[in-house]
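FYI, it's all coordinate maths here, none of it is from the lab. Since we're looking at a predicted model, the values are computed, not measured. Cβ: placed from backbone, ideal geometry, glycine included. Neighbour counts: every protein chain shown.
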Amino acid sequence: DIERRWWKEAVVYQIYPRSFNDSDGDGIGDIPGIVEKVEYLDDLGVDVVWLCPVYDSPNADNGYDIRDYRAIMDEFGTMADWETLLDELHARDIKLIMDLVVNHTSDEHEWFVRSRVEEEGYEDFYWWREGRDADEVSWSAKEGPEGEAPPNAWKSFFGGPAWAYDDGREEWYLHLFDVKQPDLNWENPRVRDEVFDMMEWWFDKGIDGFRMDVINLVSKPDGLPNDPEDPFGGAMSQSTNGPRIHEFLSEMSERVLDDEYLTVGEMLGPEMPMAHARRYLDPDEDGLSMLFHFEHMLLDRGDAIWERGEWALSDLKAVFNRWDEGLEEVGWNSLYLNNHDQPRMVSRFGNDGEYRRESAKLLGTLLHTLRGTPYIYQGEELGMTNYPFDSLDEFRDVDTLNPLRNAIADGDVESFDAVKEVVRANSRDNARTPVQWSSDPNAGFTDGEPWIPVNPNYEEVNIESERRDDDSVWHYYRDLISLRSEYDVVVYGEYDPLFPDDDTVWVYTRTLTGEESDEQLLVALNFSDDEVAVGLSEVVTSDHATLLIGNYGDGGDGDAGADAEGELAAGDLHLRPWEARVYHHE
Ligand code: TEU
């Protein structure tokens, strides 16, 4: 009774083109640079590439501010280059999904240019509102006419008010993100027509699906109410999973989507009600293949980029356990621990010093043996780490710079140095330093000056040396990826967590009962710098379980639980620091 789908059996590899590989020496990664590395992706064994935005853009937010949905950004190449990329990927049976950014456009998009001057038919393409009387509110905008405050109290996710004043139209427009990213008004059916036509246009070019940027924000409630409980004044709480969201997405599904596409919706919010999640994924409703929630990404975060939250391993497990259970009947999980918006996972959830390799492999083991589709972010396969940011001018990201500069100007933060440790751990730029290909200058990423600094550890951590070394993170990732096609249980097995309250080890089984065979995996992961013993006598009933994969490359210490051949027996399983073991029996 398992519903087999190709995208459940796939591993997705995410490319952030600006930082992937530069072919022409301008310091910016580009599409021909990706084409040069298609063979590399094939060697690694991934099934799908998710390409972050490559559309024409003034780059206020590195391509997430789109000026023309049907053109390629000059810095990245031409449409012919893109077509070559698609052909080269397809020739190796690798699918391509594109980023769909339709909550907002660039303010330089022709729709906004027209809307700004109220050209007929475009007046309501965006959220235009009159300001409020500044006397009515406790704070006023720095911009805009004297005595006028923005239409409501919503704050942009990138700092400052979520509204900007337009002198020509003499009204304010909504921008949940940067001032150069005005929100499209999905209430207007013409906006939806335009979006769906554009999606169709890309499907006709042969793509295999979309990753949908902040797609659960596109329905805003009537009256745009404030919410004092929300750190963004209501911008977050009121825009997420809004009143017409399922209507809009099921309309999209009906008009342009197809069962065979991989669609994954990025869904903001501190906690997604499972009832919404199921509707997003139910084939009879919105019909997306998967979604990205943020619940595990928010555990160690505060409200601002210079604040942090306390988390324990049991909290992280609780998030994954809730989602596995929540989507058990309807839906399918995406599995990720980092992407272009998040710090490097080995620095965040592992130990990027002494146990960098072991913990990178352990986290990979987790992502590839939970139930769901793993998403690898470029560089993860070699255990790339956070960047040791030391001054503000090493950052490039609006989401780091804007809020921090505002807070310093307003006196909420004393100086960069006062918050350096936290900001350097949290910044999105950690993910955006160039992929480390080799020990050549600039890590082989470019012959020019890279747009963002290269991590100084590139001489030690790079793809060339990883590929030369059989014990590397890279080779281990390749093995993890191939397990998926060899063992059905890895893809479809039921997930059962053990010791959910333990803050040191994550242990679970995956079980597949079928007509031909019963298969089970036992996964044991030690999230600490110390040795631990896991009591397995209650769990392990078979004495014929063999080690399928482990990050120490041997059968274990042999004294108890597992012998030198990697056979597992009831008793205590001793795990070394950051050790990961996956046993299999049938
Ligand atoms: O991200 C949504 C988003 O809100 C995150 O960037 C968030 O700001 C970050 O995780 C906070 O730590 C998507 C894209 O992935 C991102 O790159 C874009 O900047 C954003 O939407 C706007 O399009």
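Tabulated data
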read-out	value
Residue-averaged [θ]222 nm for the chain, counting only DSSP H segments that reach four residues, each worth -39500 (n - 2.57)	-7500 deg cm²/dmol
Segments 303-312, 337-346, 515-524 sorted - mean Cβ within 10 Å per residue, highest first	337-346, 515-524, 303-312
For q = 0.12 Å⁻¹, Debye-computed log10 I/I(0) when each Cα of the range 416-503 counts as one equal scatterer	-0.66
Helix 189-204 axis, angle to the chain major axis (alpha carbon atoms, nearest 10°)	40
Relative contact order [Cα under 8 Å, 6+ residues apart], the chain, whole percent	12
Rounded to 5, percent antiparallel among DSSP beta bridges of the chain	65
Normalised contact order of the range 111-251, rounded percent, pairs of Cα under 8 Å and 6 or more residues apart	19
3J(HN,Hα) from dihedral phi, the range 315-320, Karplus parametrisation 6.51/-1.76/1.60, rounded to Hz, x for glycine, proline	5, 4, 4, 4, 4, 5
Sorted by Cβ density within 10 Å, fewest first, the residues 578, 7, 202	202, 7, 578
Alpha-carbon centroids, the range 279-314 and the range 1-26: separation in whole Å	20
Fewest-first sequence of 104, 368 by Cβ atoms within 10 Å of each Cβ	368, 104
Listed pairs 180/205; 8/317; 95/220; 95/180; 8/95; 37/317 exceeding 24 Å between Cα atoms	180/205; 95/220; 95/180; 37/317
Ranked packing of 408-417, 211-220, most packed first, by mean Cβ within 10 Å	211-220, 408-417
Per-peptide average of other Cβ atoms within 10 Å, ordering 398-404, 526-532, 431-437, 89-95 highest first	431-437, 398-404, 526-532, 89-95
Size of charge dipole - the chain - debye, nearest 20, with Cβ of Lys, Arg +1 and Asp, Glu -1, no other charges	320
Least to most buried among 210, 320 (fewest other Cβ within 10 Å first)	320, 210
Convex hull volume per residue in cubic angstrom - Cα atoms of the chain	148
Hull-based mean projected area of the range 248-303, where the convex hull spans the alpha carbons, in square nanometres	4.3
Interchain or long-range residues, amide H under 5 Å from residue 265's placed H	212, 290, 291, 292
Amide H contacts of residue 572 (H built 1.01 Å from N, under 5 Å, at least 5 apart or other chain)	536, 561
Spatial extent of the range 135-200: Rg and Dmax, with the Cα atoms as the point set, Å	14.3, 48
Amide proton proximity set for residue 149, modelled H, under 5 Å, gap of 5+	132, 133, 134
